[in-house]
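Note sheet for the following structure.
The values are calculated or read from the model by the stated rules, or taken from the named source; none is laboratory data. Since the structure is predicted, the reported quantities are computational estimates derived from the model, not experimental observations. With ideal geometry, Cβ positions are generated from the backbone for all residues, glycine too; neighbour counts draw on all protein chains shown. All accessible areas refer to the heavy atoms of the entire protein, side chains included, with ligands and DNA or RNA removed. Shrake-Rupley method; radii C 1.70, N 1.55, O 1.52, S 1.80 Å.
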Amino acid sequence: LIQFSVLCLFSSRNLAIGIGIQNFPEGLAVSLPLRGSGVSTWRSFWYGQLSGMVEPLAGWLGAVAVVLAEPLLPYALAFAAGAMVYVVVDDIIPEAQVNGNGKLASWTSIIGFIVMMSLDVGLG
C-alpha cells in the first residue's frame, strides 16, 4: 500500500509538472499580445495568470463528465477515431489523385489502417 501511495505521488507530481510546462506558453500567448497592444505589464501578467486558473475547474468538470458518460465513452472515442481517419484519407487521396498516385495512396491507407488495427488488437 505504501509503494502504491508513493507511485501515485510521483505520478501526480509528474502530471503537475507537465501541466505547468504546458500552461507557461499558454499564459505567454495571452500576455504578450496584450502587452504588445499597450496594456500594462502587470495587467498583461494578471490576465495570463487568469487564463490558467480555469483549468482546475474545467478539469474537475471534465472528470465528472467522463464518469457520467462512461458507458458512452467507447462509442464516442470510436466515432472520434473514425472521424480522424476520414479527415486524413479525405485529404490525402484527392491530393494524390492530382499527382497521379491515387491508387498508391488508397492502398497504403488501407494497409496502414489494417496494420494499425492489428497492432491495437494484438497489443491490447
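Scanning segment 37-47 for residues being assigned to a helix (DSSP H, G or I) and open to solvent by less than 70 Å² (accessible area, probe 1.4 Å) gives a total of 1.
If only residues of segment 82-114 that are at pLDDT 85 or above and among the polar types (S, T, N, Q) are counted, the one that is most open to solvent (accessible area, probe 1.4 Å) is 108. Total residues in segment 115-124 satisfying the condition of being open to solvent by 90 Å² or more (accessible area, probe 1.4 Å) and polar (S, T, N, Q): the figure is 0. Residues in segment 51-85 that are within 30 Å of residue 32 (Cβ to Cβ) and not in a helix (DSSP H, G or I): 54 alone. If you go through segment 58-74 and keep only what is open to solvent by 60 Å² or more (accessible area, probe 1.4 Å) and more than 18 Å from the chain's Cα centre (by Cα), you end up with 67, 68, 70, 71, 72.
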